[in-house]
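One structure is given below, encoded as structure tokens.
The values are calculated or read from the model by the stated rules, or taken from the named source; none is laboratory data. A quick note: this is a predicted structure, and the numbers were derived from the prediction, not measured. Glycine also receives a Cβ, built like all others from the backbone with ideal geometry; neighbour counts cover every protein chain displayed.
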Amino acid sequence: MLYNRVFLVGFMCSGKSTVGRELAHTLGWEFVDVDEEIQRQENNTVAGIFQEKGEAYFRNLELQVLTQLSQRNRLVISTGGGLGANPVAMELMKNKGLVVWLDIPFQEFLERCKGDENRPLLKKSLEEIQLIYQKRKEVYREAHLHLDATKDVPSIVKEIVGFLN
Ligand code: S3P
């Protein structure tokens, strides 16, 4: 096996954590969700961190946690939608493992994320969110693998495992 780590990137609600958990299980590797790790370290929710300490603080923390996790081996890492769209993070991940973009159409994102209260970005207007979605694609597309995330989870996992072997 060429890679010691798999990083999953993509927009909110693209299934990064679900696919990540399943992929780690299949590979016999560990799974870490960057948002969960941040919440554990800060003993606060993502929404709480945004509210109390601001977005810039959260973004800085994301990069720090990613750097820490990138030292570990046999690890599947799911990133927050903003982290995978950070060019510095993308560069780091590409140097440290296989980067997989789980791509979903904007409409699919709307349906899947509907009613979610925990994601601060969803408080923005539809136009703003659409702009963020478009802009982020410019970075996500630098991933090694670009997958259609509307497919079922086992198919996505199979594609990634096939690429690793
Ligand atoms: C964010 C996505 C979230 C979380 C935070 C910010 C973003 O993660 O990191 O709410 O900027 O897109 P998910 O992609 O897992 O929803």
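General remarks:
- Extreme residue, farthest from Asp116 (Cα to Cα), among residues of the stretch 50-90 that are outside any helix (DSSP H, G or I) and among the hydrophobic types (A, V, I, L, M, F, W, C): Leu75
- A search for C-beta distances below 8 Å between a residue of the stretch 26-37 that is more than 21 Å from Gly48 (Cα to Cα) and away from the ligand (no atom under 14 Å from the Cβ) and any residue that is in a helix (DSSP H, G or I) and modelled with pLDDT of 95 or more, counting only pairs 6+ apart in sequence or on different chains, returns Thr26/Val157; Thr26/Val161; Leu27/Val161; Trp29/Leu23; Glu30/Ala24.
Residue by residue, here is whether (1) touching a Ser or Thr at 6+ places or on another chain (Cβ under 9 Å); (2) farther than 14 Å from Ile160 by Cβ; (3) at pLDDT below 95; (4) assigned to a helix (DSSP H, G or I) holds:
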{"residue": "Met1", "(1), (2), (3), (4)": "no, no, yes, no"}
{"residue": "Phe7", "(1), (2), (3), (4)": "yes, no, no, no"}
{"residue": "Met12", "(1), (2), (3), (4)": "no, yes, no, no"}
{"residue": "Leu23", "(1), (2), (3), (4)": "no, no, no, yes"}
{"residue": "Val32", "(1), (2), (3), (4)": "yes, yes, no, no"}
{"residue": "Asp35", "(1), (2), (3), (4)": "yes, yes, no, yes"}
{"residue": "Ile38", "(1), (2), (3), (4)": "no, yes, no, yes"}
{"residue": "Gln41", "(1), (2), (3), (4)": "no, yes, no, yes"}
{"residue": "Gly48", "(1), (2), (3), (4)": "no, yes, no, yes"}
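- Here Asn73 passes the criteria (1) polar (S, T, N, Q); (2) closer than 24 Å to His25 by Cβ; (3) within 16 Å of the ligand (Cβ to nearest atom) except the one numbered (3).
Residue-wise test of (1) free of Cβ contacts under 8 Å to residues at least 60 places away in the same chain; (2) outside any helix (DSSP H, G or I); (3) surrounded by 12 or more Cβ atoms within 10 Å (Cβ to Cβ).
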{"site": "Lys94", "(1), (2), (3)": "yes, no, yes"}
{"site": "Asp116", "(1), (2), (3)": "no, yes, no"}
{"site": "Leu121", "(1), (2), (3)": "no, no, yes"}
{"site": "Leu131", "(1), (2), (3)": "yes, no, yes"}
{"site": "Lys135", "(1), (2), (3)": "yes, no, no"}
